[in-house]
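Data first, discussion second: the structure below is written as structure tokens.
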Amino acid sequence: MKRCLLIAISILFISNILWAGTNSISGYVVDGKTGETIIGVNIVVNSTTRGAATDGNGYFVIPSLQPGNYILNFMHIAYEKKSLAVQLIEKSLVLDDVALTLKVIELQNVSIVAEKSEIADLSIETGHRVITSEAIRRIPVSRNDIFRAIKYLPGVEGVDPISPLYAVRGGDTGENLILLDGVPIYNPYHYVNSSGLFNIYAIKNVELMVGGFGVEYGGRNSSVLYITTREGNNQQLHGEISPSTTHTKGVIDFPIGKNATMMISGRWHYDLFSRFLFDAPSYFYDMNASLFWKLGSRHRLTFRYFHSYDKLDFKSETYFNYIGNTIDTDLFDNYDFKMKTKWRNQAVSTVIKSILSPNIYWQTRMFYTAFRANNLSLIDYEYTDDENRKTKLYMETDIHGKIRDVGLKSKMDIHFFKWNQLKIGGEWNSYRFENDVLLNGFSEGKILRKPNLLSGFLEDKIDLGFLSLRPGIRVSRFSTQKKWNQEIRANAAYQLTSKIKLKAAWGKYLQYIVSINTQEYELSQFLDNYYPLEHQLPSTSIQSILGIEADLNKDIQLSLDLYHKNIKRTYSYDYNASQLEAESFLEKLREGKGESYGLELLVKGCWENTSGWISYGFSKSTRQFPHIMNGKSYRFDYDRPHTFKAIINHEINPNLEFSGAVRILSGVPKTLETSYSNYYYYDPVSNQIAEFPQVVTPVKNNIRLPYYFRLDLGVKKLLRNGFGADLAKYLGADRAFLNVSFGNVLFFVQRNVWFYINLEEKLYGLGTNYFPELSFGYSIQF
């Protein structure tokens, strides 16, 4: 079977390579002012139905043309139409960069969800969301942060109110692949303010594939978040700076000669409000730098560097004193909660993109990415009841982790006929993992792993007009395992009517690197502790998706997705396994299974001066592990049956706009403890005894928290006078805006419970929204 499949693939590839020499016209389309490539430009051959669209690289190919004279029309909603006369004589015609002029619009609505993709074909993808950087800026209290913004999309849920981690369609947080310009970034979050590492001023596009993604992307079971940075302005100096009460950030880009562009961006976060209110002297910084170099009309070279650093030191005295005074209780007088962490991220990459022929586009990426963290959390609580009986809870976790990933990825896009496109490529990754988990000062044992991963993929898209098919296969081998694994995936789209399209996807997904979940042992979740599977089989899921998309009118679109995820194999780390049960770190990984299914309804678009989206989601997710409830099924930790989300932006005039965001979510399951049992560890080498409490309940996740409800508002105003306008004038800037956000508007009437404390058969609910979130600052553009 494998031999027949290999022969069929070889015949398909070789025959199509030969056909790839047919007559075609290709080239890049760029912004005439900045020189940046433009995605989603439609190119139509005049007086015919032939055409193409620019891909994520701004590149297009119109294959299978006869020699002759043609007029090409270039069209994009944000640019003036351009017509270009060309003469096709030889088989290969690569045009010089085609520059388009930006439209001048007096009153411009901005669609919050973009319609064009950098990395995927939206005509066939299911569950694919695209958000522009401008759209993220317009979401109130997102603080221009990607990870705050995507939680307003259907199918994406936060794991707790103050964590940047997210779960997708019933999956675990460690099942999300996050790529910065194609480079995997591990834990791309800032601990200090629960946000992402990426400066929105340097971002061009954000895309999230929540299921059904093609074989080019592997190693994760739930989603792919692809973040693309800007190339920079190759015409003149351009930049933007934004000081505020919580942070200062900015970007500057400029040309270097005629063919190169440099961009540098950075942020420094200090949050004066939190420092004063919570007595948390914490900070972070991050920076991006890129050099884009055009080598003739056929080749492009890009160097990118990324670095970030976090330092957090949080103690609970100030916070809990406020809560105690608010609800008039001394319950928290003997409660001590501490978080102390240091972590850093670093990534370096080089990307080469080449037009080997008008029909063959090749790109290769070499990268180094690394992450390291020391994450300490402490809960120390003592309670004395009316009969002078003391109850003491002490739990300390100190988790150390290091990840290094050196990789190489190369792929080719080959356009054969107007109805066919082949994608073929391969990847190599060399990893280094160091893990150490300390419970109450006792080490679980430091481990070091150095696996390699080799993988290849082949995908063929067949477009018959009313029907599109995209089958693909991915093969991979982890160095700790001898077996090569196959992942077969397929997508299909059927144009039912001119306004209605049906979509479907099915696929197998494998993951060799799992996250050690610490939800029951750390009060808040801020990072995924990744660990490579050594002799275990990879995590596996089988996903099936059915979808429908409809244009309600020219400006409003509706989509409905039905999905089912059969989680055939997943892993959990059993912190409570004694040394008699498991002598090594590896033996505490428990294999299980699960299921997730649901539906997602999304309406997006604009109406007059209002734009945004509204979504509803229904979902169910369960898990089964032998060491939990004797293998019985239970509700998964991130299961939210019902979700309602809305983002609305209303433009009063070009100088003033208002925005609002609403989230109404079912509460997540939690385990309400009925008692505790102490576990003891003895280390004969150090002669130490460690103990920690284990929750004892007959049912895991035996309660569900109340509904979560949150309303946020924002205002953006162009400044014509005052300090901001004077500052912009002094700096020689073009414009200055005042940005004001009022988060958690209903803080005085709505308490979103985070967790319960059970004392003397009475529940005390603790929330996170006791305070409003007020932020204001300037945005100065030059």
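The values are calculated or read from the model by the stated rules, or taken from the named source; none is laboratory data. Treat the numbers as computed from the prediction; the structure is a model and nothing was measured. Neighbour counts run over all protein chains shown; Cβ positions are idealised from the backbone, glycine included. Areas reflect the complete protein model, heavy atoms only, side chains present, ligands, DNA and RNA absent. Shrake-Rupley method; radii C 1.70, N 1.55, O 1.52, S 1.80 Å.
Working out 0.36 nm times the residue gap between SER633 and SER544, then minus their Cα-Cα distance, what length gain in nm do you get to one decimal?
Values: separation 89, 0.36 × 89 = 32.04 nm, distance 2.14 nm.
In short, 29.9 nm is gained.
Please find the FRET efficiency linking PHE709 to LEU537, where r is the Cβ-Cβ separation and R0 is fixed at 41 Å, and quote it to the nearest 0.05. All intermediate terms of the calculation are to be shown ahead of the outcome.
Details: r = 42 Å, r/R0 = 1.02.
The calculated FRET efficiency here is 0.45.
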All lysines inside 19 Å of LYS762 as judged from Cα atoms, apart from same-chain residues fewer than 8 positions distant: LYS390, LYS392, LYS670
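For the pairs LYS204/LYS353; LYS593/LYS700; LYS402/LYS632, flag any whose C-alpha to C-alpha distance is greater than 24 Å.
The pairs that break the limit, which is 24 Å between Cα atoms, are LYS402/LYS632.
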For a Förster distance of 45 Å, can you work out the FRET efficiency between the beta-carbons of LYS103 and VAL348, rounded to the nearest 0.05? 0.75
Given a 1.4 angstrom probe, what's the average accessible area per residue across region 156-214, in square angstrom? 10
Modelling each spin label as a point 7 Å along the Cα-to-Cβ direction, I'd like the LEU562/VAL740 distance in nm, to one decimal. 4.8
Spin-label pair ILE71/THR610, simplified geometry with 7 Å Cα→Cβ offset, distance in nm: 4.2
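Quick one: pull the percent of accessible area on region 146-224 belonging to carbon and sulfur, 1.4 Å probe, ligands and nucleic acids left out.
Working: 390 of 790 Å².
Percent of accessible area from carbon and sulfur atoms in region 146-224: 50.
Please work out how much length the chain gains when fully extended from ASP313 to ASP551, using 0.36 nm per residue of separation minus the C-alpha to C-alpha distance, in nm with one decimal. The partial results should precede the final answer.
Numbers: separation 238, 0.36 × 238 = 85.68 nm, distance 5.05 nm.
Result for the pair: 80.6 nm of gain on full extension.
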Report the label-to-label distance for VAL406 and GLU134 in nanometres (one decimal), using points 7 Å from each Cα along the Cα→Cβ vector. 4.3
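Given a Förster radius of 25 Å and the C-beta distance between LYS33 and LEU301 as r, what FRET efficiency does 1/(1 + (r/R0)^6) yield to the nearest 0.05?
Given R0 = 25 Å and the Cβ-Cβ separation, E is 0.65.
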Segment VAL86-LEU599, extension gain: residue separation times 0.36 nm, minus the distance between their alpha carbons: 179.9 nm
Just order 214-226, 50-62 by mean Cβ neighbour count inside 10 Å, highest at the front, would you? 214-226, 50-62
